[in-house]
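The structure under discussion appears below in the form of structure tokens.
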Amino acid sequence: MEVKQLYTGCLSEAAYFITSEGEAVVIDPLRDVDVYLKMAEEKKVQIKYIFETHFHADFVSGHVELSQKTGAPIIYGPGTEAGFKVHVAQDGETFTVGNAKIKAIHTPGHTLESTCYLLYNEDGNPFSIFTGDTLFVGDVGRPDLFSGNMSKEELAAMLYDSLQQKIKTLADNIIVYPAHGPGSSCGKNLGPETFSTIGAQKATNYALQAMTKAEFIKTLTTGLQTPPVYFPLNARINQQGSESLDAVMEKGLTPLTVDAFKQKMKEGVWVLDTREATVFTQGFIPESISIGLEGRFAEWAGTILPFNQPLLLVTDPGKEQETITRLARVGIDKVEGYLDGGFEAWKSVGQTVDLVIDIDPEEFALDIPHDNRMEIIDVRKHSEFEIAHVKGAHNMPLDTLTDPLQIAMIGEDNNLYVHCAGGYRSTIAASILKRHGYHNLRNVLGGFAKMKNVPGIPLVSGDNVKV
């Protein structure tokens, strides 16, 4: 028996490929299913089942397409209603894969259908449990992600019972394989590891410590950040089914000449530029949105880009397929083509280009005493801003810049200095502001991580001011 964790850092998502005696199962597959088909071919195994722990909100699953390509049934937990054929497992139902067995354990709370899968090894002993979003390393799934029209308090109460009755009763040596790792918005504060053990979680996970149900509900529902806007859309797609990635790829991988590209822009198609942030700022097609592949690309694409908005791509040559794949993982699949030859093709025929002025933190410090029209825009999260920020800065988290009313609060005649923690988010923000007609702006390189160590930049932390 072999268990393989397939971790995608951009989404903080873990899928699993389990094999035994010529058979395999896939748990929580991503939309791009070729990796699982390739693994099955290489290992000479047949994919027998596709297990889903719940209707995911943070990515589009590949369950339907993988089932169509392999004939393997899709397994969901009790109470599941879907727009495609599924096998709804009973609580405690077992499935065989080679000489191993998998038992469905219904654990409602994160969602109503949330189900963990307990793997028994070929000796018949409990080996590992695939907990989906029920149990993470150091955290549990948030109870406010649109399940069954129930309140977050009602779902938190169900999760308490699931943890007490189904999870804490397991043996300490069982390996915990969750669906997400650090950085995921599916919990409040996931730990740095992507797997653990039941024993370790009993000892360290706040949600498994002794407390009353009322205390658990209050703890779990306090301090929840607003979930990304694409979460309910992805959950609906996963429940109803999606277009095949092959069809999405066929449309998106259409090379366009500069003239054809310009014509589509005139028709209202948006331009998405996925080159690195520091490359984008040096020159780009006017009104392009920058979301670089080097960061949490899919997450920010799902947050910033309207789902029904047709897109054109500007990428580094050879990155077109990767871009379309990563967009499709969060349900953005209306790509109508890419600029053949990339940005260099645009420049080579004398087309108009735009840029963002990058400045070092030291230059920013020199400007502070002399620029009377300076407006500092900090696009980090509220929680980051509250820890420490530049004195006088306005906190406008990046995800709020999709709101025209938020952008309208920015002074049109001011000199804008935009920064985040390291430079990735601020470049996205600068491209959005440029698109809205704000051209007198500067992007502070290195973000707050570097700014906080530069003399002359006043920092506010709580009630204390440090210069």
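Just a few scattered comments:
- In the condition set (1) open to solvent by 20 Å² or more (accessible area, probe 1.4 Å); (2) within 30 Å of GLU65 (Cα to Cα); (3) β-branched (Val, Ile, Thr), THR197 is compliant with all but (2).
- Those strands (runs of 3 or more DSSP E) of the stretch 302-362 in which 2 or more residues are in contact with a strand residue (DSSP E or B) (Cβ under 9 Å, 6 or more places away or on another chain) and not aliphatic (A, V, I, L, M) occupy 335-339.
This table checks each residue for (1) on the phi > 0 side of the Ramachandran plot; (2) surrounded by 16 or more Cβ atoms within 10 Å (Cβ to Cβ).
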site: VAL379; (1), (2): no, yes
site: PRO404; (1), (2): no, no
site: ARG425; (1), (2): no, yes
site: MET451; (1), (2): no, yes
site: GLY456; (1), (2): yes, no
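- Residue tally, condition over 26 Å from the mean Cα position of the chain (by Cα) and not aliphatic (A, V, I, L, M), over the stretch 70-81: 5
- Subset of the stretch 157-194 (residues that are open to solvent by 20 Å² or more (accessible area, probe 1.4 Å), more than 30 Å from ALA298 (Cα to Cα) and part of a loop (DSSP other than H, G, I, E, B)): LYS168, THR169, LEU170, ALA171, ASP172, ASN173
To keep it simple, each residue is scored yes or no on (1) touching a Lys or Arg at 6+ places or on another chain (Cβ under 7 Å); (2) open to solvent by 20 Å² or more (accessible area, probe 1.4 Å); (3) of a type in the set (A, V, I, L, M).
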| site | (1), (2), (3) |
| --- | --- |
| SER383 | no, yes, no |
| HIS389 | no, yes, no |
| HIS394 | no, yes, no |
| ILE410 | no, no, yes |
| ASN414 | yes, yes, no |
| ALA421 | yes, yes, yes |
| ILE428 | no, no, yes |
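- Matching option when the condition is within 20 Å of ILE217 (Cα to Cα) and more than 24 Å from the chain's Cα centre (by Cα), among ILE174, ILE167, ILE198: ILE167
- Across the stretch 285-298, a minimum of one residue is classified as within 18 Å of GLY183 (Cβ to Cβ), in contact with a Phe, Trp or Tyr (Cβ under 6 Å, 6 or more places away or on another chain) and open to solvent by less than 10 Å² (accessible area, probe 1.4 Å).
The values are calculated or read from the model by the stated rules, or taken from the named source; none is laboratory data. The structure displayed is predicted, hence computed values, not measured ones. FYI the Cβ positions are ideal-geometry reconstructions off the backbone, even for glycines, and counts take in every protein chain you see. The area values use the complete protein model at the heavy-atom level, side chains included, leaving out ligands, DNA and RNA. Shrake-Rupley method; radii C 1.70, N 1.55, O 1.52, S 1.80 Å.
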